[in-house]
Amino acid sequence: MLLVIDVGNTNITIGLYEGKEIKGHFRMTTKLPRTSDEYGTLLLELIERQGYKVGDINGVIIASVVPNVMYSLTSSIVKYFDKEPLIVGPGTKTGIRIDTTNPREIGPDRIVDAVAAYEIYGGPVLVLDFGTATTYDLVTEEGHFTAGITAPGIRISAEALWQGTAKLPEIEIIKPASILAQDTITSMQAGLMYGQIGQTEYIIKKVKKEAKLDDLKVVATGGLGRIISDETDLIDEYNADLTLEGLRIIYGKNR
């Protein structure tokens, strides 16, 4: 079995694959500092709850945008699984070419998403990830990563509202029934959600126009991506496991 690990700014997302089939996925928070023993015992417990054992794991791959967790996390894989994990980074075979000014600036999470979208849906494809940041990445028909747009994520925007103002409360991030809000909470929810929908649609249209790609496929992933994709016809596919799929695909290319 293959253990895939995506270390994001907010959560660490973990998947278990048997061949191409995902058998389980889990999340743990990124922000709590942990030792290698804490990571190891947590991973073992999560895997065993799915009915598997450490001996069933024959490969591990990690993509991370949080460098300060990597020493403990990789040490836990070596210590508890007796495996040297494949770390997505410069030199990793991905099957796509990074055609940007500085390819090393592109985060491994974005590369992984781009690989998955291109391999599963083909190109040209625009990959949207609604995570801590909202990202939009363009991959051409030939598999070239040519452009990326980065915007504040919905949760970052929400936290800015209630942390930067004296009277606005912390709220649940959901879409209200109407944009015509009549109280403080729904007015904040309306601004956040409908504002994100509007931004998403504008950026998709602008990318299609400037890239001259009317047939551009648009694929979304990320925690709040389902809500946004359900509210616009401009997103063609939503795939909650896109990043995990990308890690599986990249591992296969590097075996």
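Does residue 223 meet the test of being out of contact with any helix residue (DSSP H, G or I) (no Cβ under 7 Å at 6 or more places or on another chain), within 26 Å of residue 14 (Cβ to Cβ) and assigned to a loop (DSSP other than H, G, I, E, B)? So residue 223 fits the description; yes. Looking only at region 10-27, residues that are closer than 20 Å to residue 67 by Cβ and either buried (at least 17 other Cβ atoms within 10 Å of the Cβ) or over 20 Å from the mean Cα position of the chain (by Cα) (or both) come to 4 in all.
Per the conditions (1) surrounded by 14 or more Cβ atoms within 10 Å (Cβ to Cβ); (2) touching a residue at least 40 places away in the same chain (Cβ under 8 Å), the sole criterion not satisfied by residue 157 is (2).
Restricting to region 210-255, name every residue that is under 25 Å from residue 93 (Cα atoms), within 19 Å of the chain's Cα centre (by Cα) and free of Cβ contacts under 8 Å to residues at least 60 places away in the same chain. Result: 240, single match. Looking across 168, 126, one residue alone is surrounded by 15 or more Cβ atoms within 10 Å (Cβ to Cβ) and in a loop (DSSP other than H, G, I, E, B). It is 168. On the stretch given as region 23-57, residues that are under 19 Å from residue 240 (Cβ atoms) and touching a Lys or Arg at 6+ places or on another chain (Cβ under 8 Å) total 1.
Consider residue 221 carefully, then state whether it is surrounded by fewer than 18 Cβ atoms within 10 Å (Cβ to Cβ), closer than 28 Å to residue 244 by Cα and out of contact with any Pro (no Cβ under 6 Å at 6 or more places or on another chain). Here the answer is no, as residue 221 does not meet what is asked.
Residue 80 falls short of the stated requirement of being touching a residue at least 40 places away in the same chain (Cβ under 8 Å), over 19 Å from the mean Cα position of the chain (by Cα) and part of a loop (DSSP other than H, G, I, E, B). Inspect all residues belonging to region 175-186 and state whether any of them is under 21 Å from residue 4 (Cβ atoms), in contact (Cβ under 8 Å) with a residue 12 or more places away in the chain, of a type outside the set (S, T, N, Q) and not in a helix (DSSP H, G or I). No, region 175-186 contains no residue that is under 21 Å from residue 4 (Cβ atoms), in contact (Cβ under 8 Å) with a residue 12 or more places away in the chain, of a type outside the set (S, T, N, Q) and not in a helix (DSSP H, G or I). Considering (1) surrounded by fewer than 19 Cβ atoms within 10 Å (Cβ to Cβ); (2) not in a loop (DSSP other than H, G, I, E, B), the lone condition that residue 113 does not fulfil carries the number (1). In region 92-107, the residues that are surrounded by 13 or more Cβ atoms within 10 Å (Cβ to Cβ) form Cβ pairs under 6 Å with partners that are assigned to a loop (DSSP other than H, G, I, E, B), at six or more places apart or across chains, as follows: 96/143; 98/106; 107/65. For residue 82, are the conditions met, namely being at positive phi, surrounded by fewer than 20 Cβ atoms within 10 Å (Cβ to Cβ) and among the acidic types (Asp, Glu)? So residue 82 fits the description; yes. Answer with yes or no whether residue 142 is more than 22 Å from the chain's Cα centre (by Cα) and modelled with pLDDT of 95 or more. Yes.
The values are calculated or read from the model by the stated rules, or taken from the named source; none is laboratory data. Being a predicted model, the structure only gives us computed values, none of them experimental. Counting neighbours? That spans all protein chains shown, and the Cβs are built from the backbone with ideal geometry, glycine included.
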